[in-house]
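A short write-up of the structure that comes next.
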Amino acid sequence: GKAEVIFNEDALELYDTNYVLEGWTDATTIGKEAVATLGWNVSSVQKSKILNSNCERLVFIPDIGKYDEAVKLAADFIDYKKEVLVVDLRNIDREEKEDDANSIGRLRIMEEVEKTKPLDFLAATMLMMAV
(Lines give C-alpha, C1' and ligand atoms only; values in the text may rest on other atoms or scores of the structure.)
Protein backbone atom coordinates (compact mmCIF):
# COMPACT_ATOMS: atom_id res chain seq x y z
CA GLY A 1 0.00 0.00 0.00
CA LYS A 2 0.82 3.69 0.15
CA ALA A 3 2.79 3.20 3.37
CA GLU A 4 5.51 1.38 1.44
CA VAL A 5 5.62 3.56 -1.67
CA ILE A 6 8.04 6.35 -2.49
CA PHE A 7 7.43 7.80 -5.92
CA ASN A 8 10.66 7.73 -7.97
CA GLU A 9 12.41 5.76 -5.23
CA ASP A 10 15.34 4.88 -7.52
CA ALA A 11 16.46 8.52 -7.35
CA LEU A 12 17.50 7.92 -3.72
CA GLU A 13 20.28 5.64 -5.01
CA LEU A 14 21.16 7.58 -8.15
CA TYR A 15 21.68 11.12 -6.86
CA ASP A 16 23.60 12.61 -3.94
CA THR A 17 20.86 15.24 -3.48
CA ASN A 18 17.19 14.35 -3.38
CA TYR A 19 14.22 16.68 -3.21
CA VAL A 20 11.45 15.29 -1.01
CA LEU A 21 7.91 16.39 -1.74
CA GLU A 22 4.47 15.23 -0.77
CA GLY A 23 2.83 14.61 -4.14
CA TRP A 24 4.07 12.80 -7.21
CA THR A 25 3.05 15.67 -9.50
CA ASP A 26 5.11 18.08 -7.37
CA ALA A 27 8.07 15.70 -7.64
CA THR A 28 7.78 15.54 -11.43
CA THR A 29 7.75 19.34 -11.54
CA ILE A 30 11.08 19.46 -9.66
CA GLY A 31 12.74 16.76 -11.76
CA LYS A 32 14.55 13.46 -11.82
CA GLU A 33 16.19 13.97 -8.40
CA ALA A 34 12.81 14.40 -6.68
CA VAL A 35 10.86 11.79 -4.74
CA ALA A 36 7.37 11.91 -3.28
CA THR A 37 6.29 10.37 0.01
CA LEU A 38 2.56 10.70 -0.79
CA GLY A 39 1.97 12.58 2.46
CA TRP A 40 4.03 13.97 5.35
CA ASN A 41 2.97 11.16 7.71
CA VAL A 42 5.77 8.92 6.50
CA SER A 43 5.66 5.26 7.47
CA SER A 44 8.57 3.43 9.08
CA VAL A 45 9.08 1.56 5.79
CA GLN A 46 9.35 4.80 3.81
CA LYS A 47 11.62 6.35 6.43
CA SER A 48 13.86 3.29 6.39
CA LYS A 49 14.18 3.45 2.60
CA ILE A 50 15.34 7.06 2.81
CA LEU A 51 17.68 6.44 5.76
CA ASN A 52 19.32 3.45 4.09
CA SER A 53 19.72 5.13 0.70
CA ASN A 54 22.97 6.42 -0.75
CA CYS A 55 21.57 9.94 -0.84
CA GLU A 56 23.68 12.39 1.20
CA ARG A 57 21.56 15.55 1.02
CA LEU A 58 17.81 15.82 1.51
CA VAL A 59 15.88 18.93 0.52
CA PHE A 60 12.30 18.90 1.80
CA ILE A 61 9.91 21.09 -0.21
CA PRO A 62 6.53 21.17 1.53
CA ASP A 63 3.35 22.81 0.26
CA ILE A 64 2.67 26.22 1.84
CA GLY A 65 0.53 24.87 4.72
CA LYS A 66 2.74 21.87 5.52
CA TYR A 67 6.02 23.51 6.54
CA ASP A 68 5.81 22.49 10.22
CA GLU A 69 5.07 18.86 9.34
CA ALA A 70 8.03 18.79 6.95
CA VAL A 71 10.38 20.19 9.64
CA LYS A 72 9.28 17.45 12.04
CA LEU A 73 9.98 14.79 9.42
CA ALA A 74 13.28 16.34 8.31
CA ALA A 75 14.53 16.40 11.91
CA ASP A 76 14.50 12.59 11.86
CA PHE A 77 17.25 12.60 9.21
CA ILE A 78 19.66 15.21 10.62
CA ASP A 79 21.94 12.68 12.32
CA TYR A 80 22.01 10.35 9.30
CA LYS A 81 22.49 12.52 6.23
CA LYS A 82 25.26 14.99 5.44
CA GLU A 83 22.81 17.86 4.95
CA VAL A 84 19.07 18.35 5.47
CA LEU A 85 17.13 21.43 4.34
CA VAL A 86 13.49 22.45 4.57
CA VAL A 87 12.46 25.09 2.06
CA ASP A 88 9.95 27.62 3.37
CA LEU A 89 7.77 28.57 0.41
CA ARG A 90 5.84 31.01 2.58
CA ASN A 91 8.71 33.46 1.99
CA ILE A 92 8.48 33.36 -1.78
CA ASP A 93 6.81 36.16 -3.71
CA ARG A 94 3.74 34.40 -5.09
CA GLU A 95 0.10 34.60 -6.02
CA GLU A 96 -2.34 33.36 -3.34
CA LYS A 97 -3.27 30.30 -5.42
CA GLU A 98 0.36 29.27 -5.71
CA ASP A 99 0.74 26.87 -2.81
CA ASP A 100 2.81 23.94 -4.07
CA ALA A 101 5.68 23.05 -6.41
CA ASN A 102 3.34 22.61 -9.37
CA SER A 103 1.88 26.08 -9.16
CA ILE A 104 5.08 27.88 -8.12
CA GLY A 105 7.34 26.16 -10.65
CA ARG A 106 10.77 24.58 -10.62
CA LEU A 107 12.82 27.69 -11.37
CA ARG A 108 11.39 29.77 -8.51
CA ILE A 109 11.65 26.84 -6.09
CA MET A 110 15.29 26.21 -6.99
CA GLU A 111 16.04 29.89 -6.33
CA GLU A 112 14.54 29.44 -2.85
CA VAL A 113 16.51 26.21 -2.29
CA GLU A 114 19.73 28.18 -2.90
CA LYS A 115 18.76 30.62 -0.11
CA THR A 116 17.85 27.88 2.40
CA LYS A 117 20.30 27.09 5.19
CA PRO A 118 20.79 23.50 6.37
CA LEU A 119 18.66 22.38 9.28
CA ASP A 120 20.47 21.40 12.45
CA PHE A 121 19.13 19.84 15.63
CA LEU A 122 18.89 23.15 17.48
CA ALA A 123 17.10 24.91 14.61
CA ALA A 124 14.68 22.00 14.22
CA THR A 125 13.94 21.98 17.95
CA MET A 126 13.31 25.75 17.96
CA LEU A 127 11.01 25.49 14.95
CA MET A 128 9.04 22.64 16.49
CA MET A 129 8.69 24.44 19.82
CA ALA A 130 7.32 27.51 18.03
CA VAL A 131 4.45 25.45 16.61
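The values are calculated or read from the model by the stated rules, or taken from the named source; none is laboratory data. The structure displayed is predicted, hence computed values, not measured ones. Every residue, glycine as well, gets a Cβ built from its backbone with ideal geometry; the counts of neighbours run over all protein chains shown. SASA here: full protein model, heavy atoms, side chains in, ligands and nucleic acids out. Shrake-Rupley method; radii C 1.70, N 1.55, O 1.52, S 1.80 Å.
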Is it the case that some residue within the stretch 81-88 is surrounded by fewer than 17 Cβ atoms within 10 Å (Cβ to Cβ), in contact with a strand residue (DSSP E or B) (Cβ under 9 Å, 6 or more places away or on another chain) and more than 26 Å from residue 125 (Cα to Cα)? no
Counted residues in the stretch 43-69 being outside any helix (DSSP H, G or I), open to solvent by 30 Å² or more (accessible area, probe 1.4 Å) and closer than 13 Å to residue 101 by Cα come to 1
Among the listed residues 107, 85, which satisfies the condition of being outside any helix (DSSP H, G or I) and at pLDDT 95 or above? 85
Could you tell me whether the stretch 115-130 includes any residue that is free of Cβ contacts under 8 Å to residues at least 60 places away in the same chain, closer than 22 Å to residue 5 by Cα, out of contact with any Leu (no Cβ under 9 Å at 6 or more places or on another chain) and charged (D, E, K, R)? no
Can you work out which of the residues in the stretch 91-101 that are open to solvent by 40 Å² or more (accessible area, probe 1.4 Å) and under 17 Å from residue 67 (Cβ atoms) is modelled with the highest pLDDT? 99
If you go through the stretch 12-42, how many residues are assigned to a helix (DSSP H, G or I) and surrounded by fewer than 21 Cβ atoms within 10 Å (Cβ to Cβ)? 7
